[in-house]
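Beneath this line is the structure, given in structure tokens, with notes to follow.
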Amino acid sequence: MALMDLTRISIDGGTQTRAALNEAVVTEYADALRDGVKLPAVVVFFDGSAHWLADGFHRYFAHKAARKASINAEVREGSKRDAVLFSVGANSTHGLRRSNEDKRRSVKTMLDDKEWSTWSDRDIAKQCGVSQPFVSALRKPAEVEKVITVITPTPVDNSKEKEPSAVEFPSEASEKPGPADEPDFEQNEEENAIVILSQENDELRARLAVGLMDATEEEKQEAADTIADLRQQLKTLTAENAALRSSRDHYQSEASQLRKQIKMNEKELKRARATA
């Protein structure tokens with residue numbers, strides 16, 4: 001245990017695995033420090049040149065908020081990578097209770113790592129302080145979540161559009177009105193029914209997968225919550241993608257119309273100059 005100057009502690013090395021800091025907790029801790037309360041020591045890893053904060057980010061920022069120059073720290077020998085590995089399991093048994101997003105972030109930190117991703121689900125769960133089904137649900141989301149591939153159409157190059165002639169008259173064939181394009185309500189209803197049935201099928205498959213897990217009821221519920229959260233995130237991202245594509249198509253259409261108008265104006269200008 002050592003009293004360490006806050007300026008000597010490095011916090012920008014990706015060793016914070018919480019999704020976000022709780023400002024209310026930082027304020028609460030800071031008030032406690034001003035009242036003379038001593039908080040537990042933070043944990044830092046020293047690699048010979050830098051002290052990487054691995055556990056105690058709320059306490060660190062509370063000390064800064066309370067205008068404290070130093071903090072009690074437990075210094076361990078190790079690299080920044082050691083600090084990250086330690087941090088994924090920090091607060092699993094103490095401190096501010098982790099949210100599901102905090103737990104997911106910890107597990108994803110290991111699953112996204114080339115070396116740590118080779119660990120078994122049980123070993124990752126032990127390191128992160130979560131259940132094995134929770135890790136399994138994040139490692140293989142495709143088994144319980146339908147994968148939606150969004151294909152973005154190739155933008156149309158309107159730069160080589162046919163230039164309109166000075167005066168264009170519609171042909172007789174084009175003047176004859178063809179059958180109106182009426183919306184196919186029956187087809188739309190069938191497509192909507194397919195989407196609904198597909199969503200219900202995904203939910204049933206997810207429930208079945210959770211029900212067949214060799215786990216406690218608490219672990220099953222945790223896995224079900226994770227699946228539900230992932231599904232909601234997927235729906236949100238899909239909706240945002242559709243909105244972006246719609247906005248892009250709108251602007252492309254407007255740009256195309258403007259290019260046509262410019263060409264028409266240029267021809268009118270040339271004609272006016274020729275007759276002047």
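Listed values for segment 15-21 are Karplus-derived 3J(HN,Hα) couplings in whole Hz (6.51 cos²θ - 1.76 cosθ + 1.60, θ = phi - 60°), namely 8, 8, 9, 6, 5, 6, 7, and x replaces Gly and Pro. With a/c under 1.5 counting as rounded, go ahead and sort segment 1-106 into rounded, prolate or oblate using the C-alpha gyration tensor (a ≥ b ≥ c being the square roots of the eigenvalues; past the cut-off, prolate if a/b is larger than b/c, else oblate). Here segment 1-106 falls in the oblate category. Simple spin-label estimate for residue 228 and residue 122 gives 2.9 nm between the two label positions (7 Å along the Cα-to-Cβ direction from each Cα). Residues whose amide H comes within less than 5 Å of that of residue 10, counting only those at least five positions distant or on another chain, are 51, 52, 53 (H built at 1.01 Å from N in the peptide plane).
Dipole orientation for segment 2-96: of the candidates 87, 15, 66, 66 has the Cα lying most toward the positive pole (charges on Cβ; Lys, Arg +1; Asp, Glu -1).
Under 14 Å from a label point 7 Å along Cα→Cβ of residue 3: give me every residue in segment 27-54 with its amide N that close. Only 38-39 fall inside the zone, counting backbone N under 14 Å. Amide H to amide H, with H built 1.01 Å from N, residue 76 comes under 5 Å of 44, 45, 46, counting only residues 5 or more places away or on other chains. Peptides 249-261, 1-13, ordered by how many other C-beta atoms sit within 10 Å of their residues on average, highest first, read 1-13, 249-261. Computed about its Cα centre, the charge dipole of segment 2-96 is approximately 120 debye, with only Lys, Arg, Asp and Glu carrying charge at their Cβ.
Every number here is computed from the coordinates shown, using simple stated rules; none is lab data. As the structure is a computational prediction, the values presented were derived from the model and not from experiment. Heads up, the Cβs are rebuilt from the backbone with ideal geometry, glycines too, and the neighbour counts pull from every protein chain shown.
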